[in-house]
Amino acid sequence: MSRFRPVDRKTPYLFPPSVEGWLPEDHLARFIVEVIDGLDLSRLQKAYAGRGGAAYHPGLLLSLLVYGYATGVFSSRKIERDTYDSVAFRFIAANDHPDHDTLASFRRRFLDELAGIFVQVLEMAQEMKLLKLGTVSLDGTKIHANASRHSALSHGHDREERSPSESPGARAACPGRTGGSVERTGWGQSAGRDQAPRAKAQGNGSGQGEDRSAGEKANIEPLIAVTREARQGDWRERFTEPEAIAEDATPVERMKHRLKTKVGRAAYALRKQTVEPVFGIIKSVLGFRQFSLRGLESVAGEWQLVCLAWNLKRIASLRLGA
């Protein structure tokens, strides 16, 4: 009598198999499908004209992309392959197999819609008591992108070509390199942006300079590193409050003053435990280190997809108490 379980790959199923039984109840793929099925995707659905053969449902394609980005599979070709090889991808695709052209075209076509979907997920997290609004931290990280060298201009050449009304920061920064921490809400500014760039320093218009006074106009208290401070200074400065600031101080001077206060230093330091670990997980755990698309708008849209995948993965963990 054999001690092993029988291996039978030829006997057909007596009943059609159901993908419902393929994954554990707490699997990430199930959670992503459940969430996306509950979102309002009407804007995506209306974009289909109804001509030709029946199209894949946008919820299915979006679920495949989100699960792919959440598990380190970013290539549309690899996602197509995994709809054959991976039980989780086969579950999401309902045992169907969208080709890589369909997945890539869907990703490019609906990048602009991801912002609204991103907000819907945040609203869902708030309803689940998993999101608390408060201090928003921004920091920067470097991610490879497929940028054209022919589009990169030196600062000196940029000044010659730019009209006097154009901002010098409009085409000299790169996405993902802004830094800072913001109280209540906010944005970032790269450290040392006040210093004039070298004439041969190059950039391709992948970012824009920010108006520091805009924070106060929007009732926001920004805390942005204006210059790179020395790591070693007088230790007494960490335990004392700065002198009172003049009433006619500029927004930048007021922000510099806040950064010297104990409250301001503590708020600015929060980025070390909020946004910086997220960058580390996205790059080291998810393995996202290269944008697949070219152009600022496309890169911004793909980053929305990365963050959407990260948020859903994090929400799934929090829901299970991990």
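The values are calculated or read from the model by the stated rules, or taken from the named source; none is laboratory data. Model, not experiment: these values are computed from the prediction. Glycine also receives a Cβ, built like all others from the backbone with ideal geometry; neighbour counts cover every protein chain displayed. Only protein heavy atoms, including side chains, enter the accessible area calculation; ligands, DNA and RNA are left aside. Shrake-Rupley method; radii C 1.70, N 1.55, O 1.52, S 1.80 Å.
Quick notes
- Under Karplus coefficients 6.51, -1.76 and 1.60, residue-wise ³J(HN,Hα) of the stretch 42-48 in Hz, glycine/proline x: 4, 5, 5, 5, 5, 6, 8
- Average accessible surface area per residue within the stretch 251-302, 1.4 Å rolling probe, Å²: 55
- For the stretch 73-150, relative contact order (Cα pairs under 8 Å, six or more residues apart, normalised by length) works out to 18 percent.
- Amide proton proximity set for Leu138, modelled H, under 5 Å, gap of 5+: Gly180, Ser181, Val182
- Separation of the Val285 and Asn146 label points, Cα + 7 Å toward Cβ, nm: 2.8
- Subtracting the Cα-Cα distance of Ala115 and Leu133 from their residue separation scaled by 0.36 nm leaves 4.7 nm.
- Amide H contacts under 5 Å for Glu221: Glu183, Thr185, restricted to partners 5 or more places along the chain or on a different chain, H placed in the peptide plane at 1.01 Å from N.
- With 22 Å as the limit, the listed pairs Lys132/Lys313; Lys283/Lys313; Lys262/Lys283; Lys78/Lys283; Lys132/Lys272; Lys129/Lys313 have Lys262/Lys283 beyond it between alpha carbons.
- With all protein chains kept in place, the per residue accessible area of the stretch 1-79 amounts to 73 square angstrom at a probe of 1.4 angstrom.
- Percent carbon-and-sulfur accessible area, the stretch 1-147, ignoring ligands, DNA and RNA, probe 1.4 Å: 52
- Value of D in µm² per second that Stokes-Einstein yields for the stretch 68-152, Kirkwood Rh from Cα pairs, at 20 °C (1.002 mPa s): 133
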